[in-house]
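The values are calculated or read from the model by the stated rules, or taken from the named source; none is laboratory data. The shown structure was predicted, so the numbers you read here are calculated from the model rather than taken from an experiment. No Cβ is skipped: glycine too gets one built from the backbone with ideal geometry, and neighbour counts run over all protein chains shown.
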């Protein structure tokens, strides 16, 4: 058994798919069923006896500062969150990795999945009945992941936290240090680096029922889980748009981020009844577009 040394929570990204709520606050700081999403996860880690929690921040980093005093978490900045993928958050805490939980700040766990002692490295997973576009995994006879594909059918797919043993952490960092300077590494998720090195990075699948781990990529998905968001999105932007369009907030659907060539989100499109609209965040410009 490995005794957990710490938890690394990645909260640096912009979560552009969660527009427009993510324009106003980091996705991790939204309220879900009466609790701040990230605060719930921090409490669960503390309840499990995890002695050290490190939060990697970037986008709107100042909004996370209160967590230092409230929960005693440590903040580490990832200055490259706009130009590199999530492996850069791992890079930012490379001197802190040991027997570590690696967590996404936007997961909702209906039951506490964390423990103080863990048997082996693992990636949490739930089962897809039918086709899925998620990152799917298969395992060998010993339960170790032996293939990872983007998309699959009737398969276990990555969702939620992972645990890295000290051995796994050393192995991953050896690879990351070697490839970090390469231009082609900038756009890679850490999971993609892992998937290319399954022969040396040994990790099992930790299987959970669908009712245990949730992730909300869009406002519409959040509304399915927390119906209070149908009429009250907690968004000044959507409240203003509802007023301008003489509709309810529940009528604003299918919000999709508008991005520039450098992947910066600058607005979003959405639908109200049988009409589609384009909203530009900086200029507060609203216009109707063809469906």
Checklist entry - Taking the range 79-105 as the region of interest, how many residues are out of contact with any strand residue (DSSP E or B) (no Cβ under 9 Å at 6 or more places or on another chain) and within 22 Å of residue 42 (Cα to Cα)? => result 4
Next on the checklist: I need the full set of residues from the range 6-34 which are more than 17 Å from the chain's Cα centre (by Cα) and either outside the structural domain of residue 64 (by TED's automatic domain parsing) or without any contact (Cβ under 8 Å) to a residue 60 or more places away in the chain (or both), in order please.
Outcome noted: 34
Next on the checklist: Looking at residue 77 and the list (1) surrounded by fewer than 17 Cβ atoms within 10 Å (Cβ to Cβ); (2) touching a helix residue (DSSP H, G or I) at 6+ places or on another chain (Cβ under 9 Å); (3) over 16 Å from residue 8 (Cβ atoms), which single condition is not satisfied?
Outcome noted: (3)
Item to check | Of the criteria (1) touching a helix residue (DSSP H, G or I) at 6+ places or on another chain (Cβ under 6 Å); (2) not in a strand (DSSP E or B), which one residue 198 fails | outcome: (1)
Checklist entry - How about the range 66-125: which strands (runs of 3 or more DSSP E) wholly inside it have at least 2 residues that are without any contact (Cβ under 8 Å) to a residue 60 or more places away in the chain and within 17 Å of residue 6 (Cβ to Cβ)? => result 74-77
Next on the checklist: Give all pairs with beta carbons closer than 6 Å in which a residue from the range 213-226 that is without any contact (Cβ under 8 Å) to a residue 60 or more places away in the chain meets a residue that is surrounded by 15 or more Cβ atoms within 10 Å (Cβ to Cβ) and not in a loop (DSSP other than H, G, I, E, B); count only pairs at least 6 apart in sequence or on separate chains.
Outcome noted: 223/229
Next on the checklist: Here is a list: 45, 55. Which entry is in a strand (DSSP E or B) and in contact with a strand residue (DSSP E or B) (Cβ under 6 Å, 6 or more places away or on another chain)?
Outcome noted: 55
Checklist entry - Which of the following residues is over 16 Å from residue 193 (Cα atoms) and out of contact with any strand residue (DSSP E or B) (no Cβ under 7 Å at 6 or more places or on another chain): 139, 119, 134? => result 119
Checklist entry - Here are some conditions: (1) out of contact with any helix residue (DSSP H, G or I) (no Cβ under 9 Å at 6 or more places or on another chain); (2) closer than 21 Å to residue 95 by Cα; (3) in contact (Cβ under 8 Å) with a residue 60 or more places away in the chain. Residue 186 meets all but one. Which one does it not meet? => result (1)
